[in-house]
Amino acid sequence: MENNYAGDISQNNDPVDVFRARRAAAYRAYWENMPLREACRPNGPDALLYRRFQYGRLAQFDILDTRQYRSDQAYGDGWQYPGPETDDPARTLTGDEQERWLLDGFRASTARWNVIPPASRLLAAEEHDRRPVHALHGRLGRLPGLAGARAGGGAAGRHSQPRRALR
């Protein structure tokens, strides 16, 4: 497949039909060689890869797919300072359907902990900027790996507030 793709946009900007054919073959190989359920069987270049796991009443783990449905990076790959395109509300990291699934899961959860393991790095890497994270605005969309996803990722962040205080 590719390391850095967003939706139907390949990291090398290959023609969409060529990339979708390669993605279909890659998802099929992935499904055949990983311990995935039948529900995850790819349908051509599309595969249901986001999942939810329960660990009793203690934790719910929501595993997101942050490649298939995301908007392409604002201003290209690599470290970029945010600009007006970063705040476009049409931008997304999860896509509408996956975001609804996530929010519905938060609302229905009875687990003590709701965990979203990161698929993208959430902290600034030292090689990019040695300022403290709070000096980088402390906002996920402004950090490497999520640049340009801030606007569309807002709903999940607004709905992920703690339900009870930690002691």
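The values are calculated or read from the model by the stated rules, or taken from the named source; none is laboratory data. The shown structure was predicted, so the numbers you read here are calculated from the model rather than taken from an experiment. Virtual Cβ from ideal backbone geometry, glycine too; neighbours counted across all protein chains shown. What goes into the accessible areas is simple: the full protein's heavy atoms, side chains included, and nothing from ligands, DNA or RNA. Shrake-Rupley method; radii C 1.70, N 1.55, O 1.52, S 1.80 Å.
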Q: State all residues of region 39-68 that are within 17 Å of the chain's Cα centre (by Cα) and closer than 18 Å to residue 16 by Cα; if no residue qualifies, say none.
A: 46, 47, 67, 68
Q. In the set 19, 53, 61, which member is among the aromatic types (Phe, Trp, Tyr) and either open to solvent by 80 Å² or more (accessible area, probe 1.4 Å) or touching a helix residue (DSSP H, G or I) at 6+ places or on another chain (Cβ under 8 Å) (or both)?
A. 53
Q. Has region 22-38 got any residue that is at pLDDT below 95, in a loop (DSSP other than H, G, I, E, B) and open to solvent by less than 80 Å² (accessible area, probe 1.4 Å)?
A. yes
Q | Filtered residue count, region 1-58, keeping only those that are touching a strand residue (DSSP E or B) at 6+ places or on another chain (Cβ under 8 Å), touching a residue at least 40 places away in the same chain (Cβ under 8 Å) and of a type in the set (D, E, K, R) | A | 1
Q) Looking at residue 98, is it under 20 Å from residue 11 (Cα atoms), crowded, with 17+ Cβ neighbours inside 10 Å, modelled with pLDDT of 90 or more and within 13 Å of the chain's Cα centre (by Cα)? A) no
Q) Does residue 72 meet the test of being assigned to a loop (DSSP other than H, G, I, E, B) and touching a residue at least 12 places away in the same chain (Cβ under 8 Å)? A) yes
Q. Any residue at all in region 45-63 that is under 26 Å from residue 112 (Cβ atoms), in contact with a Ser or Thr (Cβ under 8 Å, 6 or more places away or on another chain) and β-branched (Val, Ile, Thr)?
A. no
Q) Which residue out of 43, 12 is surrounded by fewer than 16 Cβ atoms within 10 Å (Cβ to Cβ) and farther than 26 Å from residue 102 by Cβ? A) 12
Q | Answer residue from region 101-135, given it is at pLDDT 90 or above and small (Gly, Ala, Ser) and is most open to solvent (accessible area, probe 1.4 Å) among those | A | 108
